[in-house]
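This report refers to the structure that appears directly beneath it.
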Amino acid sequence: MADSEETRSARFTRRAHALSGVIGGVLILIAAFGGIWGLVGGFFDGDGPDSATPGASRSASVAPASPPTGPAAGDAPVEIPDDPAELVVPAPLRGTWTGTAYHTDKRTDRYALKITLTATKGKGATVGTYRHDVLDSDGTWCAGKLKLVGSQPEDLELEMERTSGTARALGGPSCAVHTEVHLRMLPDGRAAYTYGTHLGANFTATLARR
């Protein structure tokens, strides 16, 4: 017997309700899966419950610390004053130095040398005294003042200004009225000495601290 119109309508309604239930269940599953995925993804991206900065990516770059700049401790450079008034004899060269100076060409020409240096400041200032006693002579000598021309940590440029001496010494090569002098500290604690003009050294010596 053919189904009545009412029976067919009831059957269609039941099927529609069943299909709606299935679709609803699928949607619920999809929503639940999305929530779980979000929690898992947040955990690996730093969004877990213990994360202090939600939304921060684990792959976010962190700026590296800048390397230290400037000289290492103990390697600080020695400052050389630009002000001529602040020039001074470096500490390693202060005191009294003695030795024998020899002529660069005539090794038979020599004199005993004594230099005393102080800590007086200022370019052109008198920072010490000197005395030359010509060896193999009859007591020839000359003496004078030392004026500061230039200064480095272990290097000193001076001008000798003769103020006294025997008559014979006044015209000799080791007793010029004005002469350039350089002193430089050596690794063994002695000082290298050169005496001469801008044309070159006339006498050299290795001095020891007295």
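The values are calculated or read from the model by the stated rules, or taken from the named source; none is laboratory data. All of these numbers come straight from a predicted model, not from anything done at the bench. No Cβ is skipped: glycine too gets one built from the backbone with ideal geometry, and neighbour counts run over all protein chains shown.
If you go through the range 126-152, how many residues are buried (at least 17 other Cβ atoms within 10 Å of the Cβ) and in a loop (DSSP other than H, G, I, E, B)?
Residues meeting the conditions: 1.
Regarding the range 124-140, can at least one residue be identified that is small (G, A, S), closer than 12 Å to V89 by Cα, at pLDDT below 90 and within 40 Å of the chain's Cα centre (by Cα)?
no
All but one of (1) of a type in the set (V, I, T); (2) over 21 Å from N202 (Cβ atoms); (3) modelled with pLDDT of 50 or more hold for V78, so report the exception by its number.
Result: V78 passes all but (3).
Restricting attention to the range 103-120, which residues are in contact with a strand residue (DSSP E or B) (Cβ under 9 Å, 6 or more places away or on another chain) and surrounded by fewer than 17 Cβ atoms within 10 Å (Cβ to Cβ)?
Matches in the range 103-120: T104, D105, T108, A112, K114, T116, T118, A119, T120.
Somewhere in the range 159-177, is a residue among the β-branched types (V, I, T), surrounded by fewer than 18 Cβ atoms within 10 Å (Cβ to Cβ) and modelled with pLDDT under 85?
Yes, some residue in the range 159-177 is among the β-branched types (V, I, T), surrounded by fewer than 18 Cβ atoms within 10 Å (Cβ to Cβ) and modelled with pLDDT under 85.
So how many residues does the range 88-113 have that are free of Cβ contacts under 8 Å to residues at least 40 places away in the same chain and under 38 Å from the mean Cα position of the chain (by Cα)?
Matching residues across the range 88-113 total 2.
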